[in-house]
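In what follows, a single structure is set out as structure tokens and then discussed.
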Amino acid sequence: MEPLHLRPGPFQAGFVVLARERCLFEHFPVAAGLSARAATAAARLHADTAAPYQRYGALITHKGSSFGIWWWDAQWVGERLGGLGLDPATRIVPEPMVRATGEGWRITKASSGYEAQLWKQGFLLADQWRRSPYDAAAWQGFVRVQADQSGAESAVLMAQEAPWTLQSPYRRTTLSAWTPQKTGQLALAAGVAVVLSLSLYLAGNAVGLNRHTDQIKSETAQLKAKAPGGQNLRSQISGVTALKTSIEGPSAMALLQEAQQIIEPFGYKVIVFDAARDGLTIVLPKEAVGDLDGIARELSASHLFADVKPSLDRDHQRLTIVMTAKGARPKSKTKARVKT
């Protein structure tokens, strides 16, 4: 392991950069006509089912109709980190994520070996690693398997030295780790505890959350075991919960989860949110304006949202989207505001 002169900001979690030779990359284009949510689900499924390792780590990137999937051997990485006295669960970032991006075809020097790459608008479409430099035959072998080979004939075969950087736009194409399963774990807590856990999770500090979740599950099981007519009790609770939801509308957590899942495929992350039972306000970076039509269309098509109203704050260069919850009665707000 070699230290890099890269220092994350004060509110950014640390990570370990994994050398390119220890990663595998695959470009995963999705079929035309799929919704953004369905396309993301297909990419996640492919990352899980096509992983080339028994124990694997994965990172998915996305732009337009293209996804890129990075895999690595999680067992090998975990053993090396543990041997160095580090947490085996430390966040892993593949080397190209912290290298300067390119445009079109290029060959770059990696920390070890060389990479042949194809970039388009800051997004990596193809990446092949080899230990020895690329000659004409090796380059043609890389180009031959690409769907679009235009421009490859004019590429310079001299390897470039792409500088290290934490400002690469390619890192911003990474899909969020927010999944329905993780949201379900958060939903086991109640009231302010849920909001607090969510705040820590969004800040990258979910330490102890799994342990807290296991405790809640255990206590819930004990209560069910002690209660007479356990199955009937569960049915009654389910009925009361459904009635409460139909009267008061969906929970603030449900609204936030739905919005996050819709926005995630577009490659943006929520900067600030303001959630309540009667509606949700989210703030996105200014770059999201380019995908505003698609984002608004997906939000409007949701069974939870109505009256989707976007607005651009030109002073702060941020996109704000205000939505009301379908079927919710107007009520005083209990705000949960988080800045990530």
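Scanning the range 165-172 turns up at least one residue that is closer than 30 Å to Lys269 by Cα, among the β-branched types (Val, Ile, Thr) and either open to solvent by 20 Å² or more (accessible area, probe 1.4 Å) or in contact with a strand residue (DSSP E or B) (Cβ under 7 Å, 6 or more places away or on another chain) (or both).
Residue count for the range 262-293, restricted to those that are in a helix (DSSP H, G or I) and in contact with a Pro (Cβ under 7 Å, 6 or more places away or on another chain): 1.
Against the conditions (1) modelled with pLDDT of 95 or more; (2) out of contact with any Ser or Thr (no Cβ under 9 Å at 6 or more places or on another chain), where does Thr101 fall short? Just the number, please. Going through (1) modelled with pLDDT of 95 or more; (2) out of contact with any Ser or Thr (no Cβ under 9 Å at 6 or more places or on another chain) one by one, Thr101 breaks only (2).
No other residue among Lys339, Lys244 is over 18 Å from the mean Cα position of the chain (by Cα), open to solvent by 50 Å² or more (accessible area, probe 1.4 Å) and at pLDDT below 55 apart from Lys244. Of the residues making up the range 294-303, just one is loosely packed, with under 15 Cβ neighbours inside 10 Å and assigned to a loop (DSSP other than H, G, I, E, B), namely His303.
For first residues located in the range 113-125 and closer than 12 Å to Arg20 by Cα, partners that are open to solvent by 20 Å² or more (accessible area, probe 1.4 Å) and acidic (Asp, Glu) and lie 6+ apart or on another chain with Cβ distances below 8 Å form the pairs Gly113/Glu21.
The residue that is surrounded by the most Cβ atoms within 10 Å (Cβ to Cβ), counting only those in the range 304-321 that are out of contact with any Pro (no Cβ under 9 Å at 6 or more places or on another chain) and of a type outside the set (A, V, I, L, M, F, W, C), is Pro310.
Answer yes or no as to whether Thr40 is assigned to a loop (DSSP other than H, G, I, E, B), open to solvent by less than 60 Å² (accessible area, probe 1.4 Å) and touching a helix residue (DSSP H, G or I) at 6+ places or on another chain (Cβ under 7 Å).
In short, no.
One residue alone among Thr108, Thr61, Thr40 is over 20 Å from the mean Cα position of the chain (by Cα), modelled with pLDDT of 90 or more and β-branched (Val, Ile, Thr), and that residue is Thr108. For the range 275-290, filtered to residues that are buried (at least 17 other Cβ atoms within 10 Å of the Cβ) and over 14 Å from Asp313 (Cβ atoms), the residue that is modelled with the lowest pLDDT is Arg277.
Out of the range 43-76, which residues are assigned to a helix (DSSP H, G or I) and either among the aromatic types (Phe, Trp, Tyr) or open to solvent by less than 70 Å² (accessible area, probe 1.4 Å) (or both)? Passing the criteria: Ala43, Arg44, His46, Ala47, Ala74, Trp76.
The values are calculated or read from the model by the stated rules, or taken from the named source; none is laboratory data. Note that this is a predicted model, so its numbers are computed, not measured. Cβ sites come from the backbone with ideal geometry, for glycine too, and all protein chains shown count toward neighbours. With ligands, DNA and RNA removed, areas are computed over all heavy atoms of the protein, side chains included. Shrake-Rupley method; radii C 1.70, N 1.55, O 1.52, S 1.80 Å.
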